[in-house]
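Read through the structure below, which is laid out as structure tokens, and then see the notes.
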């Protein structure tokens, strides 16, 4: 079969558990190109990646936003599909996304997570349920997303945005008048099952919020973890989903703690620069 005019970019860091399944599913979807951007992995990620992709690059540990932009700049196809390393495309998903995207007028189209995932812990279940519940058409959804390479090169990922890359480019594109679509294509996603993994990652995301506020203004609710957590707790009560409240509180507290740490980092850096030599 003829390959699709798509460069699939997979961002990975210490992803040996999932990257084999991810890349095998990508390869089976017949893209013209697969590019893996590695974030200084210390496990077998690179070894596994090279079995599926002739082009494996490093982002030097600079984070997802830098990696996504690097991948787009190195790609040779008209369309870019970003697929997270813990995502597996179902058969025909990429072709479906491309067909539905062409002529849609959207800046991006994202796949949907297949319902009915088997979860091994409350924390994995809660992340999965929250994703299914909170997914919005206007959300760019970088987990499995198709865009034109030209759009990415014109608007670009903020190289310092790290793992809040999706929020920042979403703001840029919304401000430019673009919209986002949802494909009928399905993917499988593996959320981490442990509480400690969840807390560490949410703390890391919170730590990036002060930089986002400094650069893009304070008005986006996603930049304020306590506001976001309170909103979702209220919605969970209104919608009759109280089982999600422990997860929502942990998510909000971890991000808020990270935000405080990030603010202190910025303050210390500012004072250091003002200190006389």
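The values are calculated or read from the model by the stated rules, or taken from the named source; none is laboratory data. Just so we're clear, the structure is a prediction, and the values are computed from it rather than from any experiment. Every residue, glycine among them, receives a Cβ derived from its backbone with ideal geometry; neighbour counts consider all protein chains shown.
In this structure, does residue 130 turn out to be within 16 Å of the chain's Cα centre (by Cα) and surrounded by fewer than 18 Cβ atoms within 10 Å (Cβ to Cβ)? Against the criterion (within 16 Å of the chain's Cα centre (by Cα) and surrounded by fewer than 18 Cβ atoms within 10 Å (Cβ to Cβ)), residue 130 does not qualify. Counting only helices (runs of 4 or more DSSP H) that sit completely within the stretch 143-259, those holding 1 or more residues that are within 30 Å of residue 31 (Cα to Cα) and within 17 Å of the chain's Cα centre (by Cα) correspond to 149-155, 165-175.
Can you go through 14, 18 and tell me which one is at positive phi and modelled with pLDDT of 90 or more? Exactly one of 14, 18 is at positive phi and modelled with pLDDT of 90 or more, namely 14.
Out of 58, 25, 7, 41, one residue alone is within 26 Å of residue 167 (Cβ to Cβ) and modelled with pLDDT of 95 or more. It is 7. Taking the conditions exactly as written (farther than 18 Å from residue 129 by Cα, out of contact with any strand residue (DSSP E or B) (no Cβ under 8 Å at 6 or more places or on another chain), without any contact (Cβ under 8 Å) to a residue 24 or more places away in the chain and surrounded by 15 or more Cβ atoms within 10 Å (Cβ to Cβ)), does residue 209 satisfy them or not? Criteria not met by residue 209.
Conditions tested, residue by residue: (1) under 27 Å from residue 155 (Cα atoms); (2) at pLDDT 95 or above.
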{"residue": "46", "(1), (2)": "no, no"}
{"residue": "69", "(1), (2)": "yes, no"}
{"residue": "79", "(1), (2)": "yes, yes"}
{"residue": "83", "(1), (2)": "yes, yes"}
{"residue": "86", "(1), (2)": "yes, no"}
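Among helices (runs of 4 or more DSSP H) entirely within the stretch 13-79, having at least 3 residues that are out of contact with any strand residue (DSSP E or B) (no Cβ under 7 Å at 6 or more places or on another chain), closer than 16 Å to residue 147 by Cβ and assigned by TED's automatic domain parsing to the domain that holds residue 96 singles out 64-74. Looking across the stretch 133-153 at every residue that is modelled with pLDDT under 90 and in contact with a helix residue (DSSP H, G or I) (Cβ under 6 Å, 6 or more places away or on another chain), the one that is surrounded by the fewest Cβ atoms within 10 Å (Cβ to Cβ) is identified as 142.
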